[in-house]
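Below is one structure, written out as structure tokens; the observations come after it.
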Amino acid sequence: MSRDLLNRIDQRTRLAGHNRLALLLFRLGGRQLFGVNVFKVQEVLRRPPLFPIPRLPPGFVGAADIRGRSVPILDLGGAVRYPERHLDPPYLVVTEFNRSVQGFLVAEVDRIVNIAVEDIRPPPELGVADSYLTAVTRYGGELIQVIDVESVLADATGAQMLQPIDQALRLAAGEAPVRILVADDSRVARNQIRGVLDQLGVASTLLSDGRQAIEHLKQLAAEGIDVPRHYAMVISDIEMPSMDGYTLTTEIRRDPALAGLYVLLHTSLSGVFNNAMVDRVGANAFVAKYSANELAAKVLARVRATREGAAA
């Protein structure tokens, strides 16, 4: 993969809010193409020398010195149990998301492509709750399986889905119940957010993309429900299949029945978030993934403001 191609990653950030998804395509072995959101990719390298680190979780093959930083390295084919995986993958995809940097070994790096989000579909129902696929699509006639690298990393590290929040952030017992709508394509992220809301005593409705969210909200409005009263807020990921968080926010603001909804954008993407874009689409707030306390504080402030407004 050429350096010129990698340098164009930054240019892909301009797609944000245009309902398109940029994917880095790669193979784990065999002919099947996989994809990962380009916004999560820092760079692609030939496999560097690896060195061992004591007590690394299973699945990690060591660490590498990347630009003076020790980066843990995961064999992605082994982590997702891909049957045709390359046993000694020669390429390293360095990623940054959820405030951490890690590398994934892959067999081959193909190209970067832009996909219209309406052409990205949910993964097939496999009869298991913990699929590592977050979406599927096609490009040039080839099937692309989009991997939920957040779930891969969380399972590999044994990360706790439920992070306890500070007691000071908890709602007082007996306060009137509220409900929050969550839209996020990552299983890990949905579980993390639900864990925070459960600790706050806040009910939640969880959906896996922006399209589902806007259709759900419009259906409630069609039934005569006052949606901004029904939901204290919407928590939305930014990069999702079918409809991204920017477009979801724009669609909410365009609909008079939904325009009063409070929207918090919540993303794992590091270094590409554009505050001007948040203002332009009309989102109310932004929190980077993942800090349970930061998210809880934002939710708590909104819930209390909603209750004070209702009381007034």
Cβ-Cβ under 6 Å pairs, at least 6 apart or on other chains, the stretch 192-216 side under 22 Å from LEU153 (Cα atoms), far side in a helix (DSSP H, G or I): VAL196/ALA292; VAL196/LEU295; VAL196/ALA296; LEU206/ARG190; LEU207/ALA213
Number of the exception - PRO54 against (1) surrounded by 16 or more Cβ atoms within 10 Å (Cβ to Cβ); (2) of a type outside the set (Val, Ile, Thr); (3) modelled with pLDDT under 95: (1)
Matching residues in the stretch 93-140 - criterion: being at pLDDT below 90 and in contact with a helix residue (DSSP H, G or I) (Cβ under 6 Å, 6 or more places away or on another chain): PHE97, TYR132
Qualifying position, being closer than 18 Å to ASP209 by Cβ, acidic (Asp, Glu) and in the same structural domain as ASN37 (by TED's automatic domain parsing), among GLU96, GLU118, GLU142: GLU118
Pairs where the first residue, in the stretch 239-266, is touching a residue at least 12 places away in the same chain (Cβ under 8 Å) and the second is surrounded by fewer than 24 Cβ atoms within 10 Å (Cβ to Cβ) and of a type in the set (Asp, Glu), C-beta under 7 Å, 6+ apart: SER242/GLU118
Condition check for PRO89: in a loop (DSSP other than H, G, I, E, B), assigned by TED's automatic domain parsing to the domain that holds LEU143, buried (at least 22 other Cβ atoms within 10 Å of the Cβ) and touching a residue at least 60 places away in the same chain (Cβ under 8 Å): yes
Set VAL182, VAL188: member being modelled with pLDDT of 90 or more and closer than 19 Å to SER151 by Cα: VAL182
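The values are calculated or read from the model by the stated rules, or taken from the named source; none is laboratory data. As the structure is a computational prediction, the values presented were derived from the model and not from experiment. Virtual Cβ from ideal backbone geometry, glycine too; neighbours counted across all protein chains shown.
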